[in-house]
Amino acid sequence: KEGIKRPRDNFERWSKICDAISQNKYFQDSFAALTDKDLLELIAQDIKAPRPIPIDADRFNALVQVGIETDARESLWRLALNYHEQDYNHQQIADFYIVQKDLWYLTELISAIGDKLDIPAILDQINTEDDIKFFLDSRPVIDQYVTKEQFEALEKKLK
């Protein structure tokens with residue numbers, strides 16, 4: 001129990017270890033050999049990594065396409081969550097969930113990274129009675145990103 005109160009130096013040590021690994025030739029070659037599908041699976045092992053694997057926007061888009069092609073909904077959600085801080089096109093993941101009529105993952109995505117999504121465009125595509133009711137029932141989860149007026153507009157669609 002006394003160890004819990006001690007100051008921790010893990011961040012600096014962890015950073016040095018990560019830097020040493022990432023500069024290793026074997027690691028670099030192995031990483032370069034990963035297919036987009038393999039990389040998506042690797043990234044999806046973490047719900048939200050403190051230091052996600054560095055990728056650029058093109059690689060992010062390629063990973064999204066692989067996730068769409070393989071219908072890897074959970075992996076796409078985790079990908080979005082891991083790269084929430086980057087300015088990547090997260091909307092394409094939301095659009096996929098809409099096409100798949102997977103409102104559960106869509107509302108989970110909104111609750112996690114709603115500030116990166118075009119909420120009005122998403123709500124415009126919610127038209128069936130069951131879908132609208134699902135969204136209205138999900139209000140506690142998504143109300144941080146969906147305004148009161150937007151919920152009222154959904155309610156009007158029901159009438």
Gyration tensor verdict on the chain (Cα atoms; rounded if a/c is under 1.5, prolate if a/b is larger than b/c, oblate otherwise): oblate
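When the accessible area of the chain is split by element with a 1.4 Å probe, what percent falls to carbon and sulfur? Walk me through the numbers on the way to the answer.
Details: 5250 of 10160 Å².
Summing carbon and sulfur atoms, their accessible area is 52 percent of the total for the chain.
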Past 26 Å, Cα to Cα: identify those pairs from Lys101/Lys148; Lys101/Lys159; Lys101/Lys157; Lys48/Lys133; Lys37/Lys133, in the order given. Lys48/Lys133; Lys37/Lys133
Where Lys and Arg each count +1 and Asp and Glu each count -1, what net charge lies around Gln65 among other residues with Cβ under 13 Å from its Cβ? -3
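Taking only C-alpha pairs under 8 Å that are 6+ residues apart, what is the relative contact order of the chain in percent?
Working: 116 pairs, mean separation 25.9, N = 159.
Here the relative contact order equals 16 percent.
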Residues of segment 14-46 with backbone nitrogen within less than 17 Å of a virtual label 7 Å along the Cα-to-Cβ line of Glu74, please, listed as ranges. 38-46
FRET E, pair Arg59, Gln125, Förster distance 25 Å, beta-carbon r, rounded to 0.05: 0.35
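How large is the accessible surface per residue of the chain, computed with a 1.4 Å probe and reported in Å² as a whole number? Show your work: numbers first, answer last.
Numbers: 10160 Å² over 159 residues.
About 64 Å² of surface per residue is accessible.
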Residue separation between His84 and Glu155 times 0.36 nm, minus their alpha-carbon distance, gives in nm 22.6 nm
Please give, to one decimal in nm, the separation of the simple spin-label points placed at Ser22 and Asp115, each 7 Å out from Cα toward the Cβ. 2.3 nm
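May I ask you to compute the full-extension gain from Ala49 to Asp143, defined as 0.36 nm times their residue separation minus their alpha-carbon distance, rounded to one decimal in nm? Write out the running numbers ahead of the final one.
On the way: separation 94, 0.36 × 94 = 33.84 nm, distance 2.51 nm.
The span from Ala49 to Asp143 would gain 31.3 nm if fully extended.
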Looks like segment 92-159, by Cα gyration tensor root eigenvalues a ≥ b ≥ c and the a/c under 1.5 rounded cutoff (else prolate when a/b is bigger than b/c, oblate otherwise), is oblate
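Only loop residues by DSSP count here, and only those with at most 13 other Cβ atoms within 10 Å; note down the trypsin sites (Lys or Arg not before Pro) in segment 46-131 that meet that. List each step's numbers first, then the result.
On the way: sites: Lys48, Arg59, Arg73, Arg78, Lys101, Lys116; in loops: Lys48, Lys101.
Answer in residue order: Lys48, Lys101.
The values are calculated or read from the model by the stated rules, or taken from the named source; none is laboratory data. Quantities reported herein were computed from a predicted structural model and do not represent experimental measurements. Every residue, glycine as well, gets a Cβ built from its backbone with ideal geometry; the counts of neighbours run over all protein chains shown. Accessible surface areas use protein heavy atoms only, side chains included; no ligands, DNA or RNA. Shrake-Rupley method; radii C 1.70, N 1.55, O 1.52, S 1.80 Å.
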